[in-house]
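Chemist: The following block contains the structure, expressed as structure tokens.
What follows is calculated from the coordinates using simple rules that are stated; it is not laboratory data. Because the structure is a prediction, the values reported are computed rather than measured. Please note: Cβ atoms are built from the backbone with ideal geometry, for glycine as well, and neighbour counts cover all protein chains shown.
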Amino acid sequence: MDKNHVKKRKVIIRRCEAYDVAQMTIIIREAMDELGQTPRGKILIKPNVVTANKGYIHHSYTEPRMVEAMVKVLRESDTAAQITVGESGGIAIPTRMFFTDSGYYDMGKRLGVPVVDFNEEETREVGLSRAKWHKTMDVAKSLYEADYKIWMPKLKFHIVAEITNALKLNVGILTHKERFLYHDDRLNEKIVDLLEIGYPDLIVTDAVIIGKGFESSPYPVDLGAVIIANDPIAVDMVAARILNYQPEEVRHLVEASRRGYGSLDFADIEVTGDISIEALAQKTRGIESPFQDLRKLETPVKFYEGVNRKTGNICYGGCICSIKGVLGTAEKKYPGTLAAAKKGAIVMGYYQGDVIHPGETVALIGDCTDVEGRLEAGKIVRFKGCPATVKDLMMFLLHHFKIKSPAYDFINIVNLGYYSVVKLLMQATIPFRKNARMNK
């Protein structure tokens with residue numbers, strides 16, 4: 001059922017200049033009272049923990065102290081039987097690694113709240129009746145058993161989807177096995193497919209510090225707000241305006257509205273609080289968010305964006321997204337490495353023109369990538385995949401342009417190896433853990 005037909009869609013914007021748990025607890029408690037929200041039963045909190053790294057990635061994830069404030073509010077009620085924090089991190093890297101570096105495991109241990117990786121839980125295949133592409137989905141136990149869902153996104157600019165907030169957060173309910181399905185020129189439609197399973201009861205957005213640039217290793221922008229709402233479309237409309245987009249410019253919002261999840265008319269929602277949309281939008285006005293447009297990067301590497309040969313559409317969510325992510329991560333780890341790169345070119349998709357780079361390296365990214373016109377290069381390298389994986393590009397592409405790769409950082413290698421083994425062991429024991437519960 002379309003939830004906006006049975007409730008007044010409401011968004012509350014509260015000023016919050018710092019991650020003070022006491023202040024955030026008051027803000028969340030008062031907003032929930034205003035919204036008339038009474039969490040019940042098994043409660044799932046889904047934050048954004050797409051990536052984290054103690055050394056150089058600090059603002060990609062929902063601040064754990066905000067989740068701590070949410071837990072404190074929930075524990076004031078006798079209707080909350082069980083609280084779980086769950087996530088499936090990005091780039092197919094073990095989520096445990098990101099939980100550790102972001103401080104989520106420390107928070108969970110301190111509060112006595114389980115912090116789970118959806119990839120390490122048993123799943124149930126669920127059919128999706130309103131979806132265009134994901135006709136089924138493997139839903140993790142914590143999600144399909146939840147009686148009440150609290151989505152806690154981190155507000156950020158997004159390299160291919162304009163913004164990331166409540167709707168985009170749902171990519172993290174997918175296990176790694178399904179995460180990259182339709183992650184191509186169908187990405188915005190894919191995002192809306194997931195809303196059928198990932199429709200939250202409450203949204204609490206971390207907009208104290210937001211992110212610009214590549215959203216998985218962003219640069220911080222102080223915004224000073226918490227946004228609380230009872231409707232994901234409504235809260236993303238407000239988030240879009242705060243980042244100086246009109247809702248009609250955010251493609252997954254348009255798609256969600258077309259499918260009947262709610263109108264994009266501000267007359268149909270109520271916005272309250274102690275700071276206005278315009279006041280926050282003024283803070284983000286004029287911000288240049290790197291990596292949203294490859295042509296604006298300060299680098300001698302040239303980029304040619306082609307189309308998906310099957311659809312004729314720019315494959316913004318596929319190989320273009322992968323390239324942006326790899327370059328964004330490299331630049332965040334090693335500032336200036338893109339400006340110091342070796343001249344060359346990167347082609348993504350079927351490019352209907354000439355690519356002339358005599359004596360230089362030209363990289364063709366993805367299975368469908370080709371050049372319709374004249375291709376001239378000193379060296380041509382090709383990377384397979386649909387899309388080409390971030391892992392392969394990070395390990396084997398960047399050195400062709402003398403761009404430093406975070407993949408070869410020793411600590412990262414050790415941590416990745418360790419957490420990958422733990423993840424495999426946890427997945428292998430899923431049937432035994434399931435049987436143990438059934439035999440209780």
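Chemist: Run the numbers for ARG29 and ARG382: contour at 0.36 nm per residue of separation, minus the present Cα-Cα distance, in nm.
Modeler: The ARG29-ARG382 span can extend by a further 121.7 nm.
Chemist: Within the range 25-40, which residues have the backbone N less than 18 Å from the label spot 7 Å out from SER263 along Cα→beta-carbon, could you tell me?
Modeler: Those under the cut-off are none; the list is empty.
Chemist: For a quick check of your reading of the filter: which trypsin sites (Lys or Arg not before Pro) in the range 266-348 sit in a DSSP loop and have no more than 12 other Cβ atoms within 10 Å?
Modeler: ARG285, LYS310
Chemist: Quick check: net charge around HIS400, other residues with Cβ under 13 Å of its Cβ, Lys/Arg +1 and Asp/Glu -1?
Modeler: Here the charged neighbours net out to +4.
Chemist: Can I ask one more? Evaluate the relative contact order of the range 212-257 (contact order divided by residue number), counting alpha-carbon pairs under 8 angstrom at least 6 apart; express in whole percent.
Modeler: 21 percent
Chemist: With labels modelled as points extended 7 Å from the Cα through the Cβ direction, what inter-label distance (nm, one decimal) is found for ASP138 paired with ILE413?
Modeler: 3.0 nm
Chemist: Label the range 242-350 by shape, choosing from rounded, prolate and oblate, from the square roots a ≥ b ≥ c of the eigenvalues of the Cα gyration tensor; if a/c is under 1.5 it is rounded, and otherwise prolate applies when a/b is larger than b/c, oblate when it is not.
Modeler: oblate
Chemist: Gain in length, ARG433 to ARG295, computed as 0.36 nm per residue apart minus the alpha-carbon separation, to one decimal in nm?
Modeler: Once the chain is fully extended between ARG433 and ARG295, it gains 44.7 nm.
Chemist: Hey, another quick one. Name the longest site-free stretch of the chain, where the excluded sites are chymotrypsin sites (Phe, Trp or Tyr not before Pro) in a DSSP loop with no more than 15 other beta-carbon atoms within 10 Å.
Modeler: Counting at most 15 other Cβ atoms within 10 Å as exposed, the longest clean stretch of the chain is 134-440.
Chemist: Sticking with this one: Among (1) 24.0, 82; (2) 22.8, 79; (3) 21.7, 70, find the value of Rg and Dmax of the Cα atoms in Å that was calculated from the structure presented, and write down its label.
Modeler: (3)
Chemist: So, one more: Once both labels are modelled 7 Å past Cα along the beta-carbon direction, what's the VAL21-MET395 spacing in nm?
Modeler: Label-label distance for VAL21 and MET395, simple model: 4.0 nm.
Chemist: I would also like to ask the following. May I ask you to derive the relative contact order of the chain, considering only C-alpha pairs under 8 Å and at least 6 residues apart, and to give it as an integer percent?
Modeler: 16 percent
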